[in-house]
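The values are calculated or read from the model by the stated rules, or taken from the named source; none is laboratory data. Source: prediction; values computed, not measured. Heads up, the Cβs are rebuilt from the backbone with ideal geometry, glycines too, and the neighbour counts pull from every protein chain shown. The accessibility values were calculated without ligands, DNA or RNA, using every heavy atom of the protein model including side chains. Shrake-Rupley method; radii C 1.70, N 1.55, O 1.52, S 1.80 Å.
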Amino acid sequence: ARARVLSLTAEARKSRSEKSMARVVAGALMVAAASAYVTRTAQRLAPVAPRRAARQEAVEMKYRVAVIGGGPSGSCAAEILAQEPNIETYIIERKMDNAKPCGGAIPLCMVEEFDLPSSIIDRKVRKMKMISPSNREVDIGETLKPDEYIGMTRREILDGYLRDRAVSYGAQPINALVTKVDVPETAEGRYVIHYSPNDEGRKGEKKSLEVDVVIGADGANSRLAKAIDAGEYNFAIAFQERIKISDEQMAFYEELAEMYVGDDVSPDFYGWVFPKYDHVGVGTGTVVNRPAIKEYQDATRARAGEKIAGGKIIKVEAHPIPEHYRPNRVRGRAMLVGDAAGYVTKCSGEGIYFAAKSGRMAAQAVVKAMQGGSRLPTQEDLVQEYIRPYDALYGPTYTVLDILQKVFYSSNAAREAFVDMCASKYVQQVTFDSYLYKKVQGNNPLDDIKLLFGTFGSLLKGAAIATPDKPFSNPVESLKRL
């Protein structure tokens with residue numbers, strides 16, 4: 001019995017010991033769990049203040065990007081940049097009501113791609129009249145669909161709309177003339193833009209702005225191009241008169257634009273009459289004989305004749321237009337777009353769409369390379385993300401139009417042939433489709449072969465009826481470059 005009692009006592013002690021150990025283990029686990037919970041909670045709560053401080057620091061350390069020029073290229077660049085929260089965007093324009101001498105034509109694809117309202121389009125041109133040196137007229141436009149047109153704008157209206165939209169997104173406007181740009185001497189140094197404010201009178205204090213990236217959208221006489229040694233290019237002078245004509249005369253140009261070719265209106269380009277809101281733009285341009293530009297303008301008015309007779313000249317405009325790309329369009333963290341880069345096509349002289357597109361692509365390249373504001377873009381980044389894609393998209397267009405200008409604007413015989421070819425519906429369709437949608441057209445091999453033989457026929461016909469071109473000499477001024 002005593003042994004039995006001792007055995008039970010031992011078992012009871014063992015049981016109590018095990019229960020005690022279990023309670024100890026359970027307590028330890030509870031303490032560990034509580035400790036873990038407290039630790040996790042502390043980890044969640046503790047970083048709140050530092051993160052907020054980090055965000056505040058990020059706001060204070062935004063990268064600065066300045067766009068010099070407030071035309072289509074500069075405004076479209078600033079619009080993209082202003083929507084990036086890690087970029088502080090400035091747009092510098094010397095003249096907020098600037099009206100660049102320009103035909104003002106924009107392709108249909110630009111209206112949709114850049115979300116342009118119909119209110120900025122003065123006229124929707126659906127017919128064009130080509131007039132040869134011998135005054136043969138060819139009407140083109142039969143191939144256009146009912147909803148297709150060429151938009152005619154006034155640059156002060158188009159530019160102002162695009163610039164205001166960029167400002168509405170957060171771009172900070174500076175009404176000033178840029179006088180100089182200092183290039184950084186170190187890899188991460190800043191560009192210094194010196195400018196004279198135009199909204200403080202002529203005696204306004206000269207100022208400067210330090211930025212990390214700069215986009216030059218400042219035209220043919222680009223200050224940034226000179227600062228980064230972008231190289232020179234040949235240029236044309238475009239001259240235009242805005243002429244107020246009668247309502248009856250304006251009715252003729254309701255949906256019609258005219259293009260005149262001949263050595264009397266330009267030895268290497270064309271003269272135009274483009275309808276605007278309540279007047280017409282009459283102009284011409286030349287590269288090879290710039291000193292004679294007013295003579296060519298007089299001839300363009302004379303060719304238009306009674307259609308604009310009695311009109312009142314309400315504005316005269318002249319401006320240099322680039323003839324080809326600049327040798328260097330990106331250097332360091334500086335880029336050129338629009339006319340500053342040389343993005344005007346030969347033959348047609350078009351530049352508005354390419355200006356807007358290049359500005360947008362350059363800004364997108366900056367945003368992508370900055371990776372959310374975590375780094376500065378390099379020259380290699382900008383070449384890879386801006387220059388190469390742009391050239392891949394539009395290089396063929398520039399090449400084709402360069403060839404066409406060399407072939408068909410070189411003599412009156414070639415100009416007669418050009419107008420004769422425009423009577424072909426296939427030529428009209430290829431021409432309009434290429435212009436309206438910015439893609440080189442012509443993928444019908446049979447029609448392309450017919451066009452080739454038709455071209456030879458038109459050239460022979462043109463040579464038979466054309467008057468010889470008048471000689472001119474311009475050995476000194478023609479060597480000038482911008």
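Within segment 461-482, the residues that satisfy the criterion of being polar (S, T, N, Q) and either exposed (fewer than 10 other Cβ atoms within 10 Å of the Cβ) or more than 30 Å from ALA341 (Cβ to Cβ) (or both) are THR467, SER473.
Give me the pairs: first residue in segment 466-482 and closer than 22 Å to PHE235 by Cα and aliphatic (A, V, I, L, M), second residue part of a loop (DSSP other than H, G, I, E, B) and open to solvent by 100 Å² or more (accessible area, probe 1.4 Å), beta-carbon distance under 9 Å, and six or more apart or on different chains, which are they? These pairs meet every condition: LEU482/GLU232. Is it true that ASP339 is of a type in the set (Asp, Glu), in a helix (DSSP H, G or I) and out of contact with any helix residue (DSSP H, G or I) (no Cβ under 8 Å at 6 or more places or on another chain)? Considered against the rule, which asks whether it is of a type in the set (Asp, Glu), in a helix (DSSP H, G or I) and out of contact with any helix residue (DSSP H, G or I) (no Cβ under 8 Å at 6 or more places or on another chain), ASP339 comes out as no. Elements of the type strands (runs of 3 or more DSSP E) sitting completely within segment 188-239 and holding at least 3 residues that are not β-branched (Val, Ile, Thr): these cover 191-197, 207-211. Screening the candidates ALA355, ALA340 for the property of being touching a Lys or Arg at 6+ places or on another chain (Cβ under 9 Å) and of a type in the set (A, V, I, L, M) yields one hit, ALA340. Filtering segment 423-434 to residues that are crowded, with 20+ Cβ neighbours inside 10 Å and in contact (Cβ under 8 Å) with a residue 40 or more places away in the chain leaves GLN428, THR431, PHE432.
With respect to (1) without any contact (Cβ under 8 Å) to a residue 24 or more places away in the chain; (2) hydrophobic (A, V, I, L, M, F, W, C); (3) within 21 Å of ALA340 (Cα to Cα), the lone exception for ILE193 is condition (1). Selection within segment 240-257: residues that are open to solvent by less than 10 Å² (accessible area, probe 1.4 Å) and part of a strand (DSSP E or B). The member of this set that is farthest from LYS95 (Cα to Cα) is ALA257. Exactly one residue out of ALA238, ALA225, ALA217, ALA166 is in contact with a Pro (Cβ under 6 Å, 6 or more places away or on another chain) and touching a residue at least 12 places away in the same chain (Cβ under 8 Å), and it is ALA238.
Number of residues in segment 321-330 that are surrounded by 18 or more Cβ atoms within 10 Å (Cβ to Cβ) and over 16 Å from the mean Cα position of the chain (by Cα) equals 1. TYR390 meets all of the listed conditions (1) open to solvent by 40 Å² or more (accessible area, probe 1.4 Å); (2) in contact (Cβ under 8 Å) with a residue 24 or more places away in the chain but one, namely (1).
For every residue, the table says whether it meets (1) in contact with a Leu (Cβ under 8 Å, 6 or more places away or on another chain); (2) of a type outside the set (Asp, Glu); (3) part of a loop (DSSP other than H, G, I, E, B); (4) open to solvent by 40 Å² or more (accessible area, probe 1.4 Å).
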position: VAL65; (1), (2), (3), (4): yes, yes, no, no
position: GLU79; (1), (2), (3), (4): yes, no, no, no
position: MET96; (1), (2), (3), (4): no, yes, yes, yes
position: MET128; (1), (2), (3), (4): yes, yes, no, no
position: PRO133; (1), (2), (3), (4): no, yes, yes, no
position: ASP139; (1), (2), (3), (4): no, no, no, yes
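The condition of being within 21 Å of the chain's Cα centre (by Cα) and crowded, with 23+ Cβ neighbours inside 10 Å holds for ALA230. One residue alone among ILE92, ILE106, ILE120, ILE87 is touching a Leu at 6+ places or on another chain (Cβ under 9 Å), surrounded by 15 or more Cβ atoms within 10 Å (Cβ to Cβ) and closer than 21 Å to ILE321 by Cβ, and that residue is ILE106.
All conditions but one from (1) among the hydrophobic types (A, V, I, L, M, F, W, C); (2) open to solvent by 10 Å² or more (accessible area, probe 1.4 Å); (3) assigned to a loop (DSSP other than H, G, I, E, B); (4) over 24 Å from LEU158 (Cβ atoms) apply to ALA299; the one that does not is (3).
Of all residues assigned to segment 275-284, none qualifies as being over 27 Å from the mean Cα position of the chain (by Cα) and part of a strand (DSSP E or B).
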